[in-house]
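Peer 1: Below is the structure I would like to discuss, written out as structure tokens.
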Amino acid sequence: MRILLLAALLLCPFGLAAAPRFEDLSYEEKLGQTLVVFVDVDSAELVRPAVESGKIGGVLIQWGNYSLKQTKELVDKLQRWAAKSPHQIPLLISIDYEGGTVYTPITLGFDYLPTNMMLSAARDEEGAAAIAYLSGLELRRAGVHINFSPVLDVNSNPHNPIIGVRSFGSDPANVTKMGMSLVNGFKAAGIVSVVKHFPGHGDTSEDSHYNVPVVKADYAQLQKVHLAPFAEAVRQGVPGVMTGHILYPALDSRNIATFSKPILQDLLRTQMGFNGLIVTDSLDMKSATSFCTIAGCAVRALESGADMILLGRYVRPVSVFNQVNKETREKKLESRVEEAARKIFTLKEELGLLDGTRTMPSPIEQAYKTALEKISGQSVTLVRDRNGLLPFTPPADKKGKPTVCAVFFAPSRFADQLMSFSKPFLQKGWKIRSYNAALTPRKKDSARAAECAKGADLLILTSLQWADKTNINQKNAINGLIKENKNTVFISTMSPYDIKNYPEADVVIATYGLNKYVLQTAADIILGSVTPKGILPVDLMLPESVSSFSGERSKTRTPRAVRK
């Protein structure tokens, strides 16, 4: 008996309590496990009372200008508060780690994360899985457990204002293939993937943050295009699915997916056989709050079949908890809440959070940069070269060193990445001058751009558009420069859908994101040092363009450097 007692003391030093049992939790404690609030370094104290009282089960870390060290300190602080709760159950730490429009590199101290469309253009499943695996290890080092990624939306609508480069493209098979590469990479790193936005946000013309999007596709079209990637992800055992705040009349004419039993229970659970975690998109989005308060939306989502409820940024979690507790009891949803809470509790057990067995990996920064450089270079796409300008060579009668002007229309936070574009030109002994114009240029930007272009042998112009919302000032400035200068190369550095705005551009290159590796590759393509390898993952319906996701090129003239 003494030996058993001594063993128990060794396993639980200083009287540390054994891992909690689900059966011992009260209804309120089970309900709290289903609720997730948003935090960052500056707002953490606002959620402290809810964490210490056990009224929430997880947090979603928001991006900000703080380091990996600060991110880890934030997570550690949150978990210390959770250890003070009556049940002492650790929090699930989640993050939106997508790349592109939903990413700030400073937060984790990483180099720029590739957008999904960039990964897709490279057509490298192993490379995409490596990116997910290596970044997943870094997420684990920060104490993160769940990544709300990848996006499995098939971006079939070119006018989609919110998805854009967050999607892998417009072909369901390609979206499925690339999406599962990321899921498997994150899984290998010990990170739980939650795919989104079920049953598909790709055919919308409204942003669900501000309006209620409606997808009018019939059931057959939904199955063929938008549901296909999710169906395969479910078949392969994806652990989590996030709902979209979108109305699908062919599936449910009255409720957005997040509040729809026909979509979440009949379709996702019963027909598709999904047994994992159903997570809502943030309930503070207008497409949800158009129908209910945040507390009321949480109750509706739970009742409809969701398990993990993302409350959003601007909530008072204790107040919301109290209201949800009251309404779920009034609606007699205790068994539904218990079902949802058990899934979350089981996930925490599987991740080693309850017995303290989850481990931390070693730093992998250099390995990540190597993988990023490789796949970035593979993704850069030569969309068209009407007159065979590439590879560019100076005029035969040119005296002195050739001069290049590069005008980048991009946010200043990308300034450190833009510098690398000059390297290949400088290595050839050429002169290069550049100007980082504002994303929404003013007259002074146009004047400085024109001054840069004056007398240049080659003019490089880059655009940056997040999705389909055209920046009119940027469009007008670039088109003006194209008309006024010959030997011009246009580079679309984010959403390729903006290429349609520049029909007079004879040479068009797409990078699907902005980092130093794609820019240097673009420069090398212009000089003929490398062969462009990327393929457009979307159908732009443009003449003289690379055909979408087929791996074949149309009648675009082949650059001289790669002709046989």
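Peer 1: Mind checking whether some residue in the stretch 269-279 is closer than 28 Å to VAL37 by Cβ, free of Cβ contacts under 8 Å to residues at least 12 places away in the same chain and either among the basic types (Lys, Arg) or surrounded by fewer than 24 Cβ atoms within 10 Å (Cβ to Cβ) (or both)?
Peer 2: yes
Peer 1: Next up: Going by what's in this entry, would SER282 be described as open to solvent by 30 Å² or more (accessible area, probe 1.4 Å), among the hydroxyl-bearing types (Ser, Thr, Tyr) and out of contact with any Phe, Trp or Tyr (no Cβ under 6 Å at 6 or more places or on another chain)?
Peer 2: On the way: open to solvent by 30 Å² or more (accessible area, probe 1.4 Å): no; among the hydroxyl-bearing types (Ser, Thr, Tyr): yes; out of contact with any Phe, Trp or Tyr (no Cβ under 6 Å at 6 or more places or on another chain): yes.
Against the criterion (open to solvent by 30 Å² or more (accessible area, probe 1.4 Å), among the hydroxyl-bearing types (Ser, Thr, Tyr) and out of contact with any Phe, Trp or Tyr (no Cβ under 6 Å at 6 or more places or on another chain)), SER282 does not qualify.
Peer 1: Let me ask another. Looking for something within 16 Å of ALA122 (Cβ to Cβ), over 11 Å from the mean Cα position of the chain (by Cα) and buried (at least 23 other Cβ atoms within 10 Å of the Cβ) - is there at least one such residue anywhere in the stretch 141-152?
Peer 2: Checking the stretch 141-152: not a single residue is within 16 Å of ALA122 (Cβ to Cβ), over 11 Å from the mean Cα position of the chain (by Cα) and buried (at least 23 other Cβ atoms within 10 Å of the Cβ).
Peer 1: All but one of (1) assigned to a loop (DSSP other than H, G, I, E, B); (2) open to solvent by 10 Å² or more (accessible area, probe 1.4 Å); (3) aliphatic (A, V, I, L, M) hold for LEU390, so report the exception by its number.
Peer 2: (2)
Peer 1: Next up: Give the number of residues within the stretch 517-539 that are farther than 20 Å from GLU125 by Cβ, under 22 Å from the mean Cα position of the chain (by Cα) and either open to solvent by less than 30 Å² (accessible area, probe 1.4 Å) or at pLDDT 95 or above (or both).
Peer 2: Residues that pass the stated criteria total 1.
Peer 1: Just the residues that are surrounded by fewer than 15 Cβ atoms within 10 Å (Cβ to Cβ) and under 25 Å from the mean Cα position of the chain (by Cα), please, taken from the stretch 314-365.
Peer 2: Those that are surrounded by fewer than 15 Cβ atoms within 10 Å (Cβ to Cβ) and under 25 Å from the mean Cα position of the chain (by Cα): TYR314, MET360, PRO361, SER362, PRO363, GLU365.
Peer 1: Out of GLY356, GLY377, GLY312, GLY352, report the one residue that is assigned to a loop (DSSP other than H, G, I, E, B) and farther than 30 Å from SER282 by Cβ.
Peer 2: Among GLY356, GLY377, GLY312, GLY352, only GLY356 is assigned to a loop (DSSP other than H, G, I, E, B) and farther than 30 Å from SER282 by Cβ.
Peer 1: Sticking with this one: Give just the number: which of (1) open to solvent by 10 Å² or more (accessible area, probe 1.4 Å); (2) over 30 Å from ALA19 (Cα atoms) does ARG80 not satisfy?
Peer 2: Unmet condition: (2).
Peer 1: Same structure, new question: Looking at the stretch 404-420, which of the residues that are modelled with pLDDT under 95 and outside any helix (DSSP H, G or I) is least open to solvent (accessible area, probe 1.4 Å)?
Peer 2: Ranking the candidates gives ALA410 first.
Peer 1: Residues to consider are LYS401, LYS423, LYS444; find the one that is among the basic types (Lys, Arg) and either in contact with a helix residue (DSSP H, G or I) (Cβ under 8 Å, 6 or more places away or on another chain) or assigned to a strand (DSSP E or B) (or both).
Peer 2: LYS423
Peer 1: For the stretch 463-509: of the residues being of a type in the set (Asp, Glu) and either free of Cβ contacts under 8 Å to residues at least 40 places away in the same chain or part of a helix (DSSP H, G or I) (or both), which is surrounded by the most Cβ atoms within 10 Å (Cβ to Cβ)? Can you show your working first?
Peer 2: Just the residues of the stretch 463-509 that are of a type in the set (Asp, Glu), to begin with: 468, 484, 498, 504, 506.
Right, trim to either free of Cβ contacts under 8 Å to residues at least 40 places away in the same chain or part of a helix (DSSP H, G or I) (or both) and you get 484, 498, 504.
Numbers: GLU484: 12, ASP498: 26, GLU504: 10.
Among residues in the stretch 463-509 that are of a type in the set (Asp, Glu) and either free of Cβ contacts under 8 Å to residues at least 40 places away in the same chain or part of a helix (DSSP H, G or I) (or both), the one surrounded by the most Cβ atoms within 10 Å (Cβ to Cβ) is ASP498.
The values are calculated or read from the model by the stated rules, or taken from the named source; none is laboratory data. Computed from a predicted model, the values in this text were never measured in an experiment. Counting neighbours? That spans all protein chains shown, and the Cβs are built from the backbone with ideal geometry, glycine included. Only protein heavy atoms, including side chains, enter the accessible area calculation; ligands, DNA and RNA are left aside. Shrake-Rupley method; radii C 1.70, N 1.55, O 1.52, S 1.80 Å.
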